[in-house]
Structure formats: structure tokens, C-alpha cells
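Notes follow the structure.
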Amino acid sequence: MSDFAASAVPLAGGYGGQTYAVSAGGEDAVLKLYVKQPERAAVDAALLQLVRGLLPVPKVLEAKREGSADDPPYLLTERLPGINLQVYLETAGESERRTVGEQLGELLVRLSGMPFLTFGEFRGGELAIEPFGLGDLEQYVESLDLGLDPGQLERFGAVVAEAEDVLAEGVDRVCLVHSDFNPKNLLVDPATARITGLIDWEFSHAGSPYMDLGNLFRFCSDPMLAGAVLSVIRGSGPGLGEPLVDLGRAADLWALLDLAARSTEHEVAAAAHDLVSRMADTSTLSGGRVDLDVVH
């Protein structure tokens, strides 16, 4: 009888595909099937090759870059060590959270330093860029069903105006954006507090250097971690302007609104809708969130 054994266990995350932890012959890997977005397989394979050695991403072991929903493309990658950062932070002490925050700042600096010429979505293995074509932010808000009452919608105009004013003071350049940069998509070694992986690149695109910071801080309420992030960015990042927290929140507004419009789909979308509602109620970009900036 053969000693060979194989297994496949579904993993959380990856809204555009189906992801499994797989094991065969004593070797561990991650298999992602691109069922909903077959065309994304070639993009993700190219991105992982582009940033390997610069960011903690897995090595691509095997790839099928083309296919269909019935015969989906796939990526087979190495399985990175570590545990989910979101889980780790639930019990991490101040020193560990500071260490993690400094590393998050370093990763954001590296991402913001990977330039592109235009905003847009990546297409194909050559990472061609296709413009979003969404119009301006006010038009985008009007195009969505956010479930806000007329008064909230009117007050949200002040939020849009604040976001536009803030972004007008920031740098006007384009970089690689992970677009889902938050603890659920990061891995950490619990023994050393060292970040070991940045995963799930399915929403990545060419965009604002503030977007990933805004995504990280979207639901963050930890000034210790946030302060460490901001300190590193201010000390070593390419000049991004101030105020960093507001710039991040302004750049994140597009993605936050898209998520809020899908509030019935999952808990994160529901939380996004609650935040958008608070922003409308207060007519502010912060929406009553915790002040994360320890340096003013």
C-alpha cells in the first residue's frame, strides 16, 4: 500500500476565487482556483513575480493562466509560515503591536515606491492598465444604492468635499496598490512578531499611494500600532504629504463606498455601511473614528 496521501482544506478569503491549503507527499502549498474571474490568474501570477523579493509573497510553483469557469485557471503557490495577523493582534501586547506596526509601515513604503504611469485595473500577464472609468467621486456616490436617507445623502456631500480637498494637498502620482491591505491578509510569526506574508492580491491595481494606508486604518482603533506605522512612513517613505491619516481615509473612500453598497453580503460589508452612515450623520471623513495619529 502506498504511503502517498493528499488533502485539500478550504481557506478563508479570496472573494474572486476558491482557495485551498493542499498537501501531497508531505509537501504543503496553496491552490487558488479562479472561478469567478478567470482572467485574473495571469495578473496575479505576474504581480507575484513582480514583487517577489521586495514583499513577503509566496513563490508560484505552478500556474494555469487561461481557462473558463468550467475549467478554471489556477495558481499553486508555496504555503508561507505564520498565523493570521488579525488573530495575532487580539492578544498581542504593546511591544508586539509596535513591532508589527513598524513592519506594516515598511511594507506600505515599498508599495508606494513601485510606480506606474496611470490609474486603473491590471489586464493580462503584461500588467497592461485599463482605466476605471468611474467618473468623479460625487457621481460615484450617486450611482450606488447606499441605503442612506435623503438627509444623510445630502450631508454626505460634505464628506465628498472634504475628501477632495484633502487629496488636493497630497502627492499626485500612481503606484502599486494591494487594495486589501489589512490584518486578515497578512501573516505573522507569533514567536517573533515578524510579518511573514502579504496574501490575496485579487483587488490590486495601479492607484493612489494613500489607498493601502486608508484600507489598513479603515476599522483600526489601535493608536499604538497606527503610530508605529505612521512613524516609519514619515521617517523613510517617499514624501506623501500631510495629514497622512486623512489622506488615507480620503483615498479609501471609493473602496469603502463600494463595500458599503454590498452591506448584506458579509460582516465586513455591513461594518463598512455602518461607517458610511456615521460619516453621513457627522458630515465628516472621520465618521467619529478614533484619532490614530500620535503626532499632530
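Exactly one residue out of PRO243, PRO209 is farther than 30 Å from GLU78 by Cβ and assigned by the TED database to the domain that holds GLY93, and it is PRO243.
For the range 276-296, a residue qualifies if it is at positive phi and open to solvent by 20 Å² or more (accessible area, probe 1.4 Å), and the qualifying residues are SER283, GLY288.
For the range 126-142, does any single residue satisfy the condition of being farther than 30 Å from LEU31 by Cα and among the polar types (S, T, N, Q)? Looking for residues that are farther than 30 Å from LEU31 by Cα and among the polar types (S, T, N, Q), one finds at least one in the range 126-142, hence yes. I need the full set of residues from the range 227-249 which are within 29 Å of TYR140 (Cα to Cα) and touching a Gly at 6+ places or on another chain (Cβ under 7 Å), in order please. Result: LEU240, GLY241, LEU247, GLY248, ARG249. Identification of strands (runs of 3 or more DSSP E) wholly contained in the range 56-137 with 1 or more residues that are aromatic (Phe, Trp, Tyr) and open to solvent by less than 50 Å² (accessible area, probe 1.4 Å) yields 120-123.
The values are calculated or read from the model by the stated rules, or taken from the named source; none is laboratory data. What you are looking at is a predicted structure, and each value in this text was computed from that prediction instead of being measured. For neighbour counting, all protein chains shown are included, and Cβ atoms are generated from backbone atoms with ideal geometry for every residue, glycine included. Please note that ligands, DNA and RNA were not included when accessible areas were found on the heavy atoms of the full protein model with its side chains. Shrake-Rupley method; radii C 1.70, N 1.55, O 1.52, S 1.80 Å.
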